[in-house]
Structures are given as C-alpha cells and as structure tokens.
Amino acid sequence: MDRPRLHAVAGGAHAAARRFVLPVRGMTCASCVAHVEKALRAVPGVDSVAVNLATESAAVETTALDAGALRHAVEEAGYEVPTQRLVFAIEGMTCASCVARIEKSLAAVPGVLRATANLANESATVELAAGTATTRDLLAAIEAAGYTGKAQADAAAAPAADPVAAIKRDAILALVLAAPLVAPMLAALAGIDFALPAWLQFALATPVQFWSARRFYVAAYKAVRARTGNMDLLVSIGTLAAYGLSLHLWLVEGHAQHLYFEAAAVVIALVLLGKWLEARAKRQTSEAIRLLAALRPDTALVLRGGHEVEVPLDEVKLGDLVVVRAGDRVPVDGLIRAGATAIDESMITGESLPVERGVGDKVTGGSINGNGRIEVETTAVGAETVLAKIIRLVEDAQAAKAPIQRLVDRIAAVFVPIVLAIAAATVIGWLAAGAPFDEAVINAVSVLVIACPCALGLATPAAIIAGTGVAARAGILIKDAEALELAKKIRVVAFDKTGTLTEGKPRVVAVHDHDLFDSKDVLALAAAVNAGSNHPLAEAVRDAAKRHPEAGMRQATAHRVLAGRGVSAKLVDERGQPTNVELVFGSKRLMDELKVDLSPFASRAAALETEGRSVSWLAQRTGAGISAIGLIAFGDAPKPHAKDAIERLARLGLETTMISGDNEGAARHIAHELGLTHYEANVLPKDKAARIEALKRDGKVVAMVGDGINDAPALAAADVGIAMGNGTDVAMHAAGITLLRGDPRLVADAIAISRATVRKIQQNLFWAFAYNVVGIPLAALGMLSPVIAGAAMAFSSVSVVTNALLLRRFKLASMQR
C-alpha cells in the first residue's frame, strides 16, 4: 500500500485545517467506502472525507486532528487501521518530568496513536498509523522537547504480512480442493456421467468453506456489527446457504446425488482468484508512486571535518555539503558548490537527455549524477524536497474523488440492502411458483454471488491512479481528480508568452555593421566590452560570440557599468596593452547622452523595433570623437517545440491564443512564427484574469498556461490552470496541473491523458453497472448457476482494474523523439 501523507491546508477560515490520509484495511467494495466515509464524518472536527478503495486510504480534512479518534471510528465501522511501532534511544532524560515532556511532544505529531517514554532504559516507543509520520518527524519532535533521539530496530515489531501473498495462498488452496468437485460437471459436457460420493464432496468443500473463506466471514461479521453490508456479507450468506442446503439434503433428506457443495466451493475459489488478480492489478496501478519513492536513497555522503561520512538520509541537515559520486543518485535538493557533471532527471521530469550542471546550478534529489564528482550544499530535506512534493501531489490526486464518483457513492450506499431484498424476493417468488425449496435457495445464492459492488468501487479510482501515474512519469503532475476530469472538456488554451512559449531569456537575433567594421567585428567587440557584466543582454552577446568563433576574440580592460544604460571598456591590442580606443555599448538613451549620431542605423533600428526586438548600440571613442559602429538586436526566441505544441492542440480540436504583456511588435512576431491566429498584447498582469473570464463567457472551458508570479491570478481564474515547472511556486500552487519541464508539448499530452482517463472511467462504470443490471435479473430468473455467477463476479472486478491498467500503455507525444 502506498505511503499516505499529511500536510496543512492554509488559507481563509480553514487555516487551522489539516488534511490527514489514513490507511484503511479490509475494504472490499463500494459499500465499504460509503460506510467508512459515514463513520469518519461523525468524528467531531472532521470537515470532509474522501475514501479511496484502490489505494485503501481515507483522506480526512479536520480542524481537530485526533488520529486515535479517527482510528476508533474506522474500527467501529468494522475495518482496520494498520499501525507500526518505532523505538528511539533517548539521550538526556533524567527524571519523570523528562518522560512526560517527551511523551507530550511525540503525541502531538500527526498520526501518532500512542507514545511511551521509558526512563529506565532511556527509550521511547511510538505507535502510529502506518506511513503517516516519518522517522524524521518523530526525531524532530524529540529534539523540540530538548533531547536527542536515535531510531532503533524494534525487536517486538513483526514484519507486516503481504496481503496479496495471503490471498494467493487461500486462492490456490481453494482452487486445488474445488477442482475435483467441478470434474463431474466437465465430464458431463463430454458425455461421461459420474458423481463423487457425498462424503468426498463434503471433505473437499469444508476446508474451502471454513478456512479459505474465513476472510469473508470476518469482514461480514464486522459489517453486521456496524449495521452495514458489503460484498463479504453477500458472499458469506450465499456460500453458507449453498453449503448448508447440501448438508440438509445429504444428512436429513438422504440425498447423495444432487448436492451443491461444488457451488459453494467453486464460488469461493473463483472469488478468491478474482480478489488475488484484483490486488495484483491494484498494486500495478499505483506503481508510479513506488517508483518515485524508490528514487530516494537511504544514505548520503556528507563532508564533515574534511572527511566523507556516510549517514542516514534523515540525519542530513540544511547547509550540509553532500558528496555525490558519478553514477550515484543525488540524495537532497541543493546547489553545486564544486565540480561539474551531466544530471539525468528523466524519472522526475520525463526529460530523457542528461542536463549539464556546474557550480551554482540547482540539482534535485532523486536524479542521477552522470560522469563527475560534485559537492552539493543542501537547501531542502525531507518533505520540502522537490521529490517529496511530487510524491505528495500524486498521492493527493490519487486519493481524491472525481465528480463522476458521486453517483457511484449514492448507489453504493443502498446496494447491499437492495441485493439482499432481491435475494429474499427470489426465494419467495420461486416457492410461490411451485419450485422446490432447494431450487429457490440456489437461485437466491446466484443473486447474492453475482452482485458486485467491488467493480463499482474500483471503476473510478483505479483509472485515476493509472492515469495520474502515467502522467507523473512523463513529468505531468495533476493536482486532483477534478482537474483531471475537467481537462477533458477544455476547448480553449491560453498561453502566456515569455518563459512559456518562448525561452524567457534574450538572444542575439541580428547584428548590423557600419563603415569600416563588418558584423563579425561588431560581435567580437561587443563581447569584449560586455566581458565584465552579468546583465542578461551581456550574457546573450557573449553566447552569440561563442556560437560564431569565426568572429574572433577581442580583449578589453577597465570595464565600467553605466547603471541602467550600458557598459564601457578600453580596447586592448594584440600585445595585451590598453589602447586609446574606448568601446561603449548600451541603449539609445546612453547614445543620446553621449551625442552619438545614430542616423546611419535609423531605418534598420526602426524595422527591428517594429518586430518587437530590443536594440543596443556599439560606439567607439577615439581622439577624433565618438561614433556608432554597429547595432545588435535582441529577441526572445520561441522554444524548440512551441510550434509543434500549437499544432498538436489544433489537431485535438482546441482553440489557442496568447496573452502577453509585451508590446504589439514582439507579440505579433512570436504569434506569426508559431502560427497563432489570435493573440493579445500589452496586457498588464492584473488584466490577464479578466481576459480569461472573457474567454469563458461563451460557456467554453478554458485552460491557462503560465510560469510566473504574474500568471497566478490568470491560472486561478481559468477552469484549468497549467503551470510550467520551470516557473515559480506561486504559479504552481494556483494551477490544477503542473508540468515539471518547460516543454509546451506537455499541454497537449496532459489533455490527451485526461481524455483517455475519463474514457476509462466511463467504460469501467458502464461495465460495472452492466454486470449488475444484466446479471442480477438473470440470476433471479434461474438462468445462471452459482458457479457461473461467481465467475462473473470475479471477472467483473478484475476486468475493471485490468481495463484501467491499459492506460499504462498510453503513448505521450512529448516522450517520442
């Protein structure tokens, strides 16, 4: 089962609310989901509850977090909250007051059910809901109380049994014992008539009925005690009725031929087989979470006193220098302080090509260091790392309920009582029609067995888990199920320009020379005068010079920054000696101040500015005066795949537009280059949200794609906000979907996976309803034997989860190179 998470939900009147994800074991169908939700809603302080059958968890928003009360409510409803024990060695305890202080601090950690400190052996034992708090959380609580703790192995804590393996063992036993009971039925198809002795049928069926099926009785008992019903209750009543009827016919009425031991045993065997296949499939649907969690190494190499020391990852602190060797996973988020390498971030962002990183660059925990040793200064640990946030986002999305699930919940609430009523009516109806008692009972057994609330409960969450998992592997994080479902209905996609459709940084797009200088000279001299500046335009000039080595290298000295206007420097000759030539590079304002004649470049400059380019001038001052020798135009180039992204959205039948704060010329140029027929320029950040509202007036579902703080209001105003992962945290919090890398093609992929997932949900719900709508009447009319009914019930759940698993084959266009 996936690790649940806990985090605070901030804002407004609910600033004190906490979202607590509690593991729940023992749920088998949609009815179970409804009962657990009802029980948790009754706990004081609980604001909302969403129970997920596929992940076996309950997401609870509460203003008065009490894990013990939540656990009690779940257990009273007939289900179980799995727990774990952690033991810590405590340094610094001296008296009973220390014990009380440590216990109080640990008990305050969300998820802790009980905390006991022992002064005699200087330890603390913590019982908590499985996966709700980490060792780091508990160690922090001990430290906050003023003590030092260290995690220890708990000898008393037995390893948790694998529920899938347990179901498999029971299913195999049931299938082996039930096989001989089915043999006469199969032989009859071949024209061979024989029957097993009654005592042998009894001997084979009894272990199946009371050992293999014990999990059904336990769950059914808990449901009855909680005055509810579930799938286990239906199977228990049905198979016990068939088994009991067989005993009556054999021992009381003396019949030894027409018994129904095989019906009870085979139904149990088939249902267990279905449950095993379903459990395996459910585990596969949530594979994305496990793969992400596996990216986090257990230890890290930390530099302490000049030596590399291997420590548990939980002990790494902010500011620690972590050594990452070639081929190792980066254990923390941080900044490279020494070394250079190529980082493989494919498992986090979906980007298949390694990314070059050097001193001062950020690295993300979970990525793989390629070919160089680096030293990383830790900037985030634990729950604050990018990987932890990604896992939390995916878990939250998988735990949430899609709006379409509400109908299922209403049906599930009354499903079992209705089925029990239909089964009772079947018995009465057949007896009234003059049928023998055993025939009436067997037809009612078929009704009970074929009824399948499991498929209803799994239809939506299984598809959501599979869909969000596929998206996460491609670098697409879907915040919740509502965003997933709504993305299918998108009809208009509005893009921000800078950083979303364009690179977001200036680059040289034109170099013009004059008189004695050619364009190569202008570029080389501009690079020389900008050598001492870290301004974005200076970096763009130097990058352009590197891309054109034929321009040659020129040197300058005595660099000066002319604040807000440009830079100047003295040209150096071939011997490295300063000359009397001063180079000046900057804006028109600077040139006007220096009274530089720009008329030779006037027409070229005007044309470039009409296209939205930024123009800077290069002048030289000699003993003869100052004159312009060239101009350089800068532009923000479109991202490599931006045009392809717009074309893909058009193929999906979507309208696209661009909303930019840039001038008309710049916006028009980018729109023309990308094939956008509609765009808006000179839109202030505060007006972007109004533009989105205007697009929504026609009833169209609108998505907004942006990456900056100024995009956050527009992202929130859109029906679906999509934040670029190279943007700000503010933009990501305002968005329903986050793209972990700045590839605009991911927008089309996010919409495509949304459509595919919703399509799977609809297919699953259709089949789940069809099984019951068609199967129950056929069983009531005596047209299905219990064996066929049991097979149909087992197949229904397996088919729903298997259909959802087909999403794992979904091919995302951005992943194909």
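The values are calculated or read from the model by the stated rules, or taken from the named source; none is laboratory data. Model, not experiment: these values are computed from the prediction. All Cβ positions, even for glycine, are placed from backbone atoms using ideal geometry, and neighbour counts span all protein chains on display. Please note that ligands, DNA and RNA were not included when accessible areas were found on the heavy atoms of the full protein model with its side chains. Shrake-Rupley method; radii C 1.70, N 1.55, O 1.52, S 1.80 Å.
Which ones in the stretch 49-75 are over 25 Å from ALA455 (Cα atoms), at pLDDT below 85, outside any strand (DSSP E or B) and not aliphatic (A, V, I, L, M)?
THR63, ASP66, GLY68
Do we have any residue at all in the stretch 577-592 that's open to solvent by 50 Å² or more (accessible area, probe 1.4 Å), over 29 Å from HIS669 (Cβ atoms), of a type outside the set (D, E, K, R) and without any contact (Cβ under 8 Å) to a residue 24 or more places away in the chain?
Yes: one or more hits.
Can you name the residue in the stretch 175-200 that is over 30 Å from LEU277 (Cα atoms) and in contact (Cβ under 8 Å) with a residue 60 or more places away in the chain and is also least open to solvent (accessible area, probe 1.4 Å) among such residues?
It comes out as ALA198.
Restricting to the stretch 478-523, name every residue that is over 22 Å from the mean Cα position of the chain (by Cα), open to solvent by 20 Å² or more (accessible area, probe 1.4 Å) and either farther than 30 Å from LEU618 by Cβ or acidic (Asp, Glu) (or both).
Answer for the stretch 478-523, where residues must be over 22 Å from the mean Cα position of the chain (by Cα), open to solvent by 20 Å² or more (accessible area, probe 1.4 Å) and either farther than 30 Å from LEU618 by Cβ or acidic (Asp, Glu) (or both): ARG491, GLU503, ASP513, ASP515, ASP518, ASP521.
If GLU680 satisfies every condition in (1) over 34 Å from the mean Cα position of the chain (by Cα); (2) modelled with pLDDT of 85 or more; (3) surrounded by 18 or more Cβ atoms within 10 Å (Cβ to Cβ) but one, which is the exception?
Just one mismatch for GLU680, condition (1).
So, in the stretch 118-146, exactly how many residues are in contact with a helix residue (DSSP H, G or I) (Cβ under 6 Å, 6 or more places away or on another chain), within 18 Å of ARG101 (Cα to Cα) and either part of a strand (DSSP E or B) or of a type outside the set (A, V, I, L, M) (or both)?
Residues meeting the conditions: 2.
Restricting attention to the stretch 614-645, and to residues there that are among the β-branched types (Val, Ile, Thr) and touching a residue at least 40 places away in the same chain (Cβ under 8 Å), which single residue is farthest from ALA510 (Cα to Cα)?
Looking at residues that are among the β-branched types (Val, Ile, Thr) and touching a residue at least 40 places away in the same chain (Cβ under 8 Å), I get THR622.
Name the pairs: first residue in the stretch 530-548 and in contact (Cβ under 8 Å) with a residue 60 or more places away in the chain, second residue polar (S, T, N, Q) and assigned to a loop (DSSP other than H, G, I, E, B), Cβ to Cβ under 8 Å, at least 6 apart or on different chains?
LEU537/ASN530; VAL541/ASN530
Being part of a strand (DSSP E or B) and without any contact (Cβ under 8 Å) to a residue 24 or more places away in the chain: is that true of ALA558 here?
Considered against the rule, which asks whether it is part of a strand (DSSP E or B) and without any contact (Cβ under 8 Å) to a residue 24 or more places away in the chain, ALA558 comes out as yes.
Residues LEU715, LEU739, LEU807: which one is open to solvent by less than 10 Å² (accessible area, probe 1.4 Å), closer than 24 Å to ASP344 by Cβ and modelled with pLDDT of 80 or more?
The match here is LEU739.
For the stretch 613-631, state whether one or more residues are open to solvent by less than 20 Å² (accessible area, probe 1.4 Å), over 30 Å from ALA752 (Cβ atoms) and assigned to a helix (DSSP H, G or I).
No; the residues of the stretch 613-631 include none that is open to solvent by less than 20 Å² (accessible area, probe 1.4 Å), over 30 Å from ALA752 (Cβ atoms) and assigned to a helix (DSSP H, G or I).
Going by the conditions given, is ALA13 assigned to a helix (DSSP H, G or I), modelled with pLDDT of 75 or more, open to solvent by 20 Å² or more (accessible area, probe 1.4 Å) and small (Gly, Ala, Ser)?
no
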